[in-house]
Every structure is written in structure tokens, then in C-alpha cells.
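**Student:** If you scroll down you'll find the structure; I have some questions about it.
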């Protein structure tokens, strides 16, 4: 599925938009009538854009306030603070390598088989550099926040972002798609950076619900928008499809809402219609 960005005038976000862009009534909810405008999902030109501000260190602290999410309910980040930090030091690779060696030993693998010779080292590298590299990454180091110089308050949506993660219960993989929508306030985020924040929280040992909540909280913290909505959909969990009840065709959808999206069911319905 292809990454798609919608930048759509919400006109007060008073309804759901139908696929043909026409105004219609559905369950008493008026649909919006404006056609969609599609914009490429390209990174902003941070070098030549004079309005760009790299948010990190003291600059980020200046943006933080203790009640950035409390206004709309407790923050998931505050309720479940992360104490897991991976720095990517050589001893960490070695520690994982030894653990993988012990795991394979428990299955009595034949170490004379050349296919196993470097398996522990390869697995350590795969987890540290790819599958679980989110522990060593911080969104503040990877995103750029821009002032909303145009004063746009239109809905911004990026959808069909592929996500990869590992279940914290069984360490089994799960994959699916994510969509992030927000209503800007005084700041904007480079479109590709929405996907980057999602990727940072996905590439850890995770719960699907927690990925969405942490992503939403981080965007609220960075941008102070009117609201954020993170939808993870068509997510297939190997721990559910290959073990236990073995629901081979099952998929899971979770929705995290903050700000105006939590308060306005019509706006939530609009976003869901755009995603589907």
C-alpha cells in the first residue's frame, strides 16, 4: 500500500467525507463536500527552509509544559514511563549474542553446522540495528518542527505507513499499517517525520495499543496541536495467528485520540472514512 497524505480543509470538521467528495447524510452526520487534495509525502527542505527549527535539548525543554496532555486526560507516557534505554554499546551486542547462543544451545543445535556459525552475532545485529532499534532513538533528535506561518488549521493526515514491531509478551512479530492525523495549532511537523515517530515507537518490544498512545503523546508534546489521532489498522499478530487460538485471518485496529479528536465524534468519523 502506498503512503498517502491528505491535507483537507475541515470547515469546522462537521462531518465525514465520502469517497466521491460529495455531500451526503449518513446516520444523521453531514459529510464534507470539498474534494481531497493530495500532496506528496516528501521531507521538507530543512536546509533551505528559513522557518525550520530543530527541536532538541534546551529548545525542547522550552516547549514542554507539565499539562500538555492532562487537559484531555492523563498522558500514557506519564502513566507508563519507559525505563528501557539501549545505547548500542559493544557490550550490549555481546550480551544479546550470548543470550541467543544459550537459546540455541537449549534446542541442542549442531554447532558444527556452518549455518549456525555466526547466527548469534547476526541475530544480535538484527535486533540492535533494525528490529528493536527504537530503544536507542529519540524523536527529539530526528524531527523538525516548523512554525505554522500560514495559520492553517486544516486537517493533516498521513496514512498507509507500514509498521513492524515485536510483541512484548512472546517476542513474536506483528505488522500492519498506521495513520496519523492532527489539527495544527502554532506548529507543523514535516510529513515524513510523522512516520518516523511511529517507527521509533514501533521498533521496540511493544503492545499495539501502546505504540499508538506513545506516538500520539509525543506529537502532542512536540506540536501542541488542537488534537492528534493515531490509528493502527490491518495489524496481524503472529502470536495470535500461529499459536493459541490460531486466528489466521484476524487483524486488529486500535485508535488513540488526543485533544479535539477525543471530543468530536464527527471528526473521528471523518478520519476513519479517509483512511478506508
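The values are calculated or read from the model by the stated rules, or taken from the named source; none is laboratory data. Small disclaimer: the values here were computed from a predicted structure and weren't measured. Here the Cβ positions follow ideal geometry from the backbone for every residue, glycine too, while neighbour counts run over all protein chains shown.
**Student:** With under 30 Å from residue 251 (Cβ atoms), part of a helix (DSSP H, G or I) and modelled with pLDDT of 95 or more as the only criterion, which of 77, 123 stands out?
**Tutor:** Selected residue: 123, the only one of 77, 123 that is under 30 Å from residue 251 (Cβ atoms), part of a helix (DSSP H, G or I) and modelled with pLDDT of 95 or more.
**Student:** Let me ask another. Of the residues 146, 174, only one is farther than 29 Å from residue 263 by Cβ and either touching a residue at least 40 places away in the same chain (Cβ under 8 Å) or not in a helix (DSSP H, G or I) (or both); which?
**Tutor:** Numbers: 146 fails: farther than 29 Å from residue 263 by Cβ.
Within the list 146, 174, the selection yields 174.
Here is a yes/no grid of residues against (1) closer than 22 Å to residue 262 by Cβ; (2) free of Cβ contacts under 8 Å to residues at least 24 places away in the same chain; (3) not in a helix (DSSP H, G or I):
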position	(1), (2), (3)
165	no, no, yes
170	no, no, yes
185	yes, no, yes
198	yes, no, no
211	yes, no, no
219	yes, no, no
231	yes, no, yes
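This table checks each residue for (1) farther than 25 Å from residue 154 by Cβ; (2) modelled with pLDDT under 95; (3) assigned by TED's automatic domain parsing to the domain that holds residue 268; (4) crowded, with 21+ Cβ neighbours inside 10 Å.
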residue: 211; (1), (2), (3), (4): yes, no, yes, yes
residue: 215; (1), (2), (3), (4): no, no, yes, yes
residue: 225; (1), (2), (3), (4): no, no, yes, yes
residue: 230; (1), (2), (3), (4): no, no, yes, yes
residue: 237; (1), (2), (3), (4): yes, yes, yes, yes
residue: 242; (1), (2), (3), (4): yes, yes, yes, no
residue: 245; (1), (2), (3), (4): yes, yes, yes, no
residue: 250; (1), (2), (3), (4): yes, yes, yes, no
residue: 256; (1), (2), (3), (4): no, no, yes, yes
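**Student:** Still on this model: Which of (1) touching a strand residue (DSSP E or B) at 6+ places or on another chain (Cβ under 8 Å); (2) assigned to a loop (DSSP other than H, G, I, E, B); (3) closer than 19 Å to residue 183 by Cβ is the odd one out, the single condition residue 157 does not satisfy?
**Tutor:** (2)
**Student:** Could you look through region 258-276, keep only residues that are in a helix (DSSP H, G or I) and touching a helix residue (DSSP H, G or I) at 6+ places or on another chain (Cβ under 7 Å), and pick out the one that is surrounded by the fewest Cβ atoms within 10 Å (Cβ to Cβ)?
**Tutor:** At the first step, the residues of region 258-276 found to be in a helix (DSSP H, G or I) are 260-263, 265-275.
Pick out the ones that are also touching a helix residue (DSSP H, G or I) at 6+ places or on another chain (Cβ under 7 Å) and you get 260-261, 267-268.
On the way: 260: 19, 261: 27, 267: 25, 268: 21.
The residue in question is 260.
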